[in-house]
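Okay, so here's the structure we're looking at.
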Amino acid sequence: MNIGAAACRHIVELSGRWRARLSVALLALLAHGLVEGAGILLLLPLLAVVGIDVGRGSVGRLSSAVVAAFSAFRISPTLPAVLAVFVAANTVLAMLRRIG
């Protein structure tokens, strides 16, 4: 018997039996990835606040997108504001890790 085929058959069987839990786990995994990416992007304004030039190239475009996201919520990207959002993102990550 082929081990790969047996593993695929086992996964299909488990997904039918545990469909709800599998759906929650996959959604938590997706949300975790999105929040982690947002947390990494929040480092760009922090670097700009401490004086590192992040205005060039693709990093500059990402940095301006993060600043535009702050502006959309009428928040200026100052050190306390960026740190507060960063802490909130990491709190959400911790909660998602408890789910998954």
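Values in this text are rule-based calculations from the coordinates and carry no lab data. Keep in mind it's a predicted model, so treat the numbers as computed, not measured. Positions of Cβ are generated from backbone atoms using ideal geometry, with glycine treated the same way; all protein chains shown enter the neighbour counts.
Checking the condition in contact (Cβ under 8 Å) with a residue 12 or more places away in the chain and loosely packed, with under 14 Cβ neighbours inside 10 Å, which residue from Val35, Val24 passes? Talk me through it step by step, then tell me what you get.
Details: Val35 fails: loosely packed, with under 14 Cβ neighbours inside 10 Å.
Only one candidate passes the filter, namely Val24.
Out of the stretch 38-61, which residues are in a loop (DSSP other than H, G, I, E, B) and touching a residue at least 40 places away in the same chain (Cβ under 8 Å)?
The answer is Leu42, and nothing else.
Residues to consider are Arg56, Arg17, Arg74; find the one that is of a type in the set (Lys, Arg) and either surrounded by 12 or more Cβ atoms within 10 Å (Cβ to Cβ) or within 23 Å of the chain's Cα centre (by Cα) (or both).
Arg74
Return the residues of the stretch 62-100 that are of a type in the set (Phe, Trp, Tyr) and assigned to a helix (DSSP H, G or I); say none if nothing qualifies.
Phe70, Phe86
How many residues does the stretch 38-53 hold that are within 22 Å of Arg97 (Cβ to Cβ), out of contact with any Phe, Trp or Tyr (no Cβ under 6 Å at 6 or more places or on another chain) and surrounded by 13 or more Cβ atoms within 10 Å (Cβ to Cβ)?
Adding up the residues that qualify gives 4.
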